[in-house]
Each structure stands twice: as C-alpha cells, then as structure tokens.
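Worksheet for the structure shown next.
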Amino acid sequence: MSVNALSDLRASPGIIRVHGHRGARGVLPENTMLGFVQTFNAGVQIVELDVLVTADGEAVITHNPALKAASTRDESGEWLPEDGPLIAAVTYDELTRYDVGGLRPQTEYGDLYPDQAFLSGLHVPRLADLCALVARPPYTDRLLNIEIKSDPTLPQATPPIPDLVAATLSPILERGLSNRVILQSFDWRVLHECADQAPHIPRSYLSYLPRPNAPMTVTIYSGSPWMDGLRGENLPQIIAEDGGSVWSPYFQDLIARDVKVAHDLGLIVNVWTVNEPSNIDQMIALGVDGIISDYPARVQRRLMAHGFRWQ
C-alpha cells in the first residue's frame, strides 16, 4: 500500500481524517505504547504525539517539559510530590524508572479524564519504539503527527533547537518514515530548523490566538517569540508563504473563511483538541481536513452520523 502523509492527511469527498490525540488520552494513558497500539487497532490511522529529548539525547514521547505529578509514580509506586524532574535533565534509563500508566485521583488533571484506564507498569517510550512499531506489519499504513515540544520562554527546558530537531529526526530517518510523518510545533523556530535539516518532511504550524483568561499560553500576536519573526494577520497566508503544508489551529479559533483561504493556498487544516460531539459536528461542517481528539472513537461516530468516513 502506498502511503504519503500529505495526500493521506488531506480530506477528500466523504472523508475527514481522525487523529488520536496522545493516542486516545480520554480512555487510555497518554503518549504510551499501549495507547498507540490500541488506538491503531481501533481503526485510527493517525496518532498525534509529543516529543522531548533527554539529557543523553534520546527523543522520548511525553508532553510536559517535566514529569507531571498528577500522572507519574516513582519506583515504589508513590505519586510524585510535585512536578519534576525536567526531561532534559535525566537520562533515558533514569526516565524508565517512572510509571506513567495512570492519573492521580482527586487532582485537577486527573478529574479531566475520569474514563481513562488506570494501569501500572507503563513507561515513557522512545520515539524509536513507535517508529519501529509502524515500520512493520500490521501498522505500515499508519501515520505519525509528531509535535516537537519547545517553549521560547523556557530555553532551559530543552536542548538547543538544532539538537532537539536532530534527535527527533534520527529514528524517523533510520526507519525510512519521512513519507509517513508530519512535524509540528507551536514554536515556529523549531519548524524553521526542521526545514533546514529535513526539508522533504511536511511541517505543521500550531497556533493559539489571544482570548480572555486564556488557559494556556497564547502564541499568535505581534512580536510573538513563538512565530520566529513571521508577521501578518492572515495566518494561512503566513504559513503557506513560509513553506508550511499544514495549519493546525485551536478549533475555537477557526471560522469558515479561514478554512477556505487555507484550502485555496493548498494547506491542510487539522484542528485540535476537539472532544465534545457538538464541537466535532461544527468542525465537520467547516470542512476541516483532520480532527485531533482525545476521544477518536467519538469522532468516528460523529463522522458516520454525517455520512463520512475517516480513511
């Protein structure tokens, strides 16, 4: 079967793509091999995942710059008393001593995902482990949407950007997966480095617009360090002119006009992170290419209800 990330991520008549966010965070421990395998086995072709790099240069699949106390236990099975250590400050072997198979009850983060399975003995995987999985049957038609984590305001949390990108690319290139991945980031400095090191791999530009009482860091504004010097009010045009292939906005930032502009420029539009059925329906109506969700099965069901398929 011929696989190509750009063509296989683009919507086509009757098809919108489903991306399992961190595997399927709503029901399975996030960014774990078990989560990825089960998501693939449920018929989802694309998983979204996060990559950071350890002190010894290993690209690992985890979201936060430091281990999260609400989802991490130590070798004795005790919950971490606070977030830490930094991923960039420990070796991969040290990282494997921690268990990331469950969410701590009665925490703000744990309460967000009451249906997530609680498991033990799961560890932060290497990107190389996932690349090895999809390089062999029955997963040779699966795609990886890889977010490289970086924060321009926290340079101590990651290695220098050239090293961060090189470590991420290493297992991808070793397994010959360049045609089955996209590389995305909120930090567009990372995407510019990806363009230098691997111009043949498609790049996805994540964005989050200003809003009152924003629950996470806003990345798009005049003079933003996240945009690496790019300027303008028309995000699709900025991204297309910068050589991007994919625009990945927060779903509440998206309007129909922007989808049309993006598509006219040849961009793929993947929205994040869409979990509620009513919001999924809105994204289907807008005609996006891909829906990134903690509950990919919900997206599958809503697509079927509208007469769509996902691959």
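Every number here is computed from the coordinates shown, using simple stated rules; none is lab data. As the structure is a computational prediction, the values presented were derived from the model and not from experiment. We place every Cβ from the backbone using ideal geometry, glycine too, and count neighbours over all the protein chains shown.
Å³ per residue of the Cα convex hull, for the stretch 116-266?
Hull volume over Cα atoms, normalised by residue count, gives 167 Å³.
Using the basic label-point model (7 angstrom from Cα toward the beta carbon), what is the Asp93 to Met216 distance in nanometres?
For Asp93 paired with Met216, the spin-label model returns 3.5 nm.
No solvent, one uniform scatterer per C-alpha: report log10 I(q)/I(0) for the stretch 58-150 via the Debye equation at q = 0.12, 0.16, 0.22 1/Å, two decimals.
Result of the Debye calculation: -0.43, -0.74, -1.18.
Nearest-5 percent of antiparallel DSSP beta bridges in the stretch 204-300?
That works out to approximately 0 percent antiparallel.
As a test, work out the antiparallel percent of DSSP beta bridges whose residues both lie in the chain, rounded to the nearest 5.
20 percent
If you average the sequence gap of Cα pairs under 8 Å that are 6 or more apart and divide by the length of the stretch 158-311, what percent do you get for the contact order?
15 percent
List Tyr205, Tyr98 from most exposed to least, where exposure is judged by having the fewest other Cβ atoms within 10 Å.
Ordered from fewest to most neighbouring Cβ atoms within 10 Å, Tyr205, Tyr98 come out as Tyr98, Tyr205.
Apply the a/c threshold of 1.5 to the C-alpha gyration tensor of the stretch 160-206 and tell me whether it is rounded, prolate or oblate.
oblate
How many percent of all Cα-Cα pairs in the chain sit more than 33 Å apart?
Value for the chain: 19 percent of Cα pairs lie more than 33 Å apart.
What's the ranking of 291-300, 67-76, 190-199 by average number of surrounding C-beta atoms within 10 Å, highest first?
By packing density, highest mean first, the sequence is 291-300, 190-199, 67-76.
Looking only at the stretch 127-151, which residues have a backbone nitrogen under 16 Å from a spot 7 Å from the Cα of Glu174 in the C-beta direction?
Residues 127-136 fall inside that zone.
With a 10 Å radius around each residue's Cβ, average the other Cβ atoms per peptide and rank 86-95, 45-54, highest first.
Per-residue Cβ counts within 10 Å, averaged per peptide and sorted highest first, yield 45-54, 86-95.
Which net charge results for the neighbourhood of Ala305, defined as the other residues with beta-carbon distances under 11 angstrom from its beta-carbon, given Lys and Arg at +1 and Asp and Glu at -1?
So the surrounding residues net to +2.
Based on DSSP H runs of at least 4 residues, each adding -39500 (n - 2.57), what is the mean residue ellipticity at 222 nm of the chain after dividing by all its residues, to the nearest 500 deg cm²/dmol?
-8000 deg cm²/dmol
For Leu119 and Ser7 in one chain, what is 0.36 nm times their gap in residues minus the Cα-Cα distance, to one decimal in nm?
Extra length available between Leu119 and Ser7 comes to 36.7 nm.
Between Gly77, Ile182, Ala11, whose Cα lies farthest towards the positive end of the dipole of the chain when Lys and Arg beta carbons carry +1 and Asp and Glu beta carbons carry -1, centred on the Cα centre?
Of the listed residues, the answer is Ala11.
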